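The values are calculated or read from the model by the stated rules, or taken from the named source; none is laboratory data. Computed from a prediction, not measured in an experiment: that's the story for all the values here. Reconstructed Cβ throughout: ideal geometry from the backbone, glycine too, with neighbour counts over all protein chains shown.
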Amino acid sequence: MPRTKQQAEKLAMAVALQPAAWGADFRAQQPAASTPGTVAVLGEQCRWERRALPKGVLASRSLYSEIPGSGAKGEVRVTAAVTVHATVLDADDQLSTTLEEPLRCQEQQVRTDERISGLISVGNPYGQGGNTYADDAVVEIGKYLTGNSEQTYRWQVARLGTVVVTVSVKGAKGHSDDELSQYASQALVTMLDRVKSELGGKN
């Protein structure tokens, strides 16, 4: 596992998914990546914001991709994030916090006119709920509200040792829930495989 910020940053850059890794139809959003040296935090006012890396976090990287809207189909937006912690306990705290946040904030503000509502979270430690791929995992499902538009929202989080990988998918008109679920699941598996490969778990 990474022990220094330099090692952690190298790992995060290698694991986070670029647009092409999501599929041929994806391209980078603008902006395409998070501000270096920051991590996404759900504040006390239930608003998502980026803050400087706290103690216990060595590195965090988020990449933003999308399928542009065309014809009868709307724009699908996705995020791939990697956070490398100093200890397993720190990483485990991120999963616990993720699981509890829908109870604390039933509605979460993303931007001025965008919010997430009706979130349901489920935790699946290794060996439970079909989890044979990570030390711990959390799935959240809800609705992404933009103005009067309501779309499916899916957020999947998984931990391997001190590394936490996260994918989120915001749906759009013309894209089925099964399609969105497949994007999220495949992206999560790909990043977990990359973590194992980078750390020597796979040849």
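A quick yes/no check of all residues on (1) touching a Gly at 6+ places or on another chain (Cβ under 8 Å); (2) under 24 Å from ARG194 (Cα atoms); (3) at pLDDT below 95; (4) of a type in the set (A, V, I, L, M):
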{"site": "GLY74", "(1), (2), (3), (4)": "yes, no, yes, no"}
{"site": "ALA91", "(1), (2), (3), (4)": "yes, yes, no, yes"}
{"site": "GLU100", "(1), (2), (3), (4)": "no, no, yes, no"}
{"site": "ARG104", "(1), (2), (3), (4)": "no, no, yes, no"}
{"site": "GLN128", "(1), (2), (3), (4)": "no, yes, yes, no"}
{"site": "ASN131", "(1), (2), (3), (4)": "no, yes, yes, no"}
{"site": "ASP136", "(1), (2), (3), (4)": "yes, yes, no, no"}
{"site": "GLY147", "(1), (2), (3), (4)": "no, no, yes, no"}
{"site": "ALA158", "(1), (2), (3), (4)": "no, yes, no, yes"}
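Just give me the residues in the stretch 187-203 being in contact (Cβ under 8 Å) with a residue 40 or more places away in the chain, surrounded by fewer than 19 Cβ atoms within 10 Å (Cβ to Cβ) and under 17 Å from the mean Cα position of the chain (by Cα), in sequence order.
Residues satisfying the conditions are VAL189, THR190.
Checking THR87 against (1) modelled with pLDDT of 95 or more; (2) surrounded by 14 or more Cβ atoms within 10 Å (Cβ to Cβ), which test does it fail?
With (1) modelled with pLDDT of 95 or more; (2) surrounded by 14 or more Cβ atoms within 10 Å (Cβ to Cβ) applied to THR87, the lone miss is (2).
Determine whether GLU49 is free of Cβ contacts under 8 Å to residues at least 40 places away in the same chain and of a type in the set (Asp, Glu).
yes
Of all residues in the stretch 13-66, which are among the polar types (S, T, N, Q), closer than 24 Å to MET1 by Cα and surrounded by fewer than 15 Cβ atoms within 10 Å (Cβ to Cβ)?
Hits for the stretch 13-66 are GLN18, THR35.
If I go through the stretch 99-132 residue by residue, how many of them are over 15 Å from GLU49 (Cα atoms) and in a helix (DSSP H, G or I)?
Count: 5.
For the stretch 1-18, which positions are part of a helix (DSSP H, G or I) and either without any contact (Cβ under 8 Å) to a residue 12 or more places away in the chain or in contact with a strand residue (DSSP E or B) (Cβ under 8 Å, 6 or more places away or on another chain) (or both)?
LYS5, GLN6, GLN7, ALA8, GLU9, LYS10, LEU11, ALA12, MET13, VAL15
Looking only at the stretch 135-180, filter to residues that are in a loop (DSSP other than H, G, I, E, B) and out of contact with any strand residue (DSSP E or B) (no Cβ under 8 Å at 6 or more places or on another chain); which one of those is surrounded by the most Cβ atoms within 10 Å (Cβ to Cβ)?
GLY161
Does ALA72 fit the bill of being under 17 Å from LEU180 (Cα atoms), without any contact (Cβ under 8 Å) to a residue 24 or more places away in the chain and among the hydrophobic types (A, V, I, L, M, F, W, C)?
No, not satisfied.
Take the residues in the stretch 84-114 that are among the hydrophobic types (A, V, I, L, M, F, W, C) and closer than 29 Å to LYS5 by Cβ; name whichever of them is nearest to the chain's Cα centre (by Cα).
LEU95
Residue check, GLN29 against (1) touching a residue at least 60 places away in the same chain (Cβ under 8 Å); (2) in contact with a helix residue (DSSP H, G or I) (Cβ under 9 Å, 6 or more places away or on another chain), all met but one. Which one?
(1)
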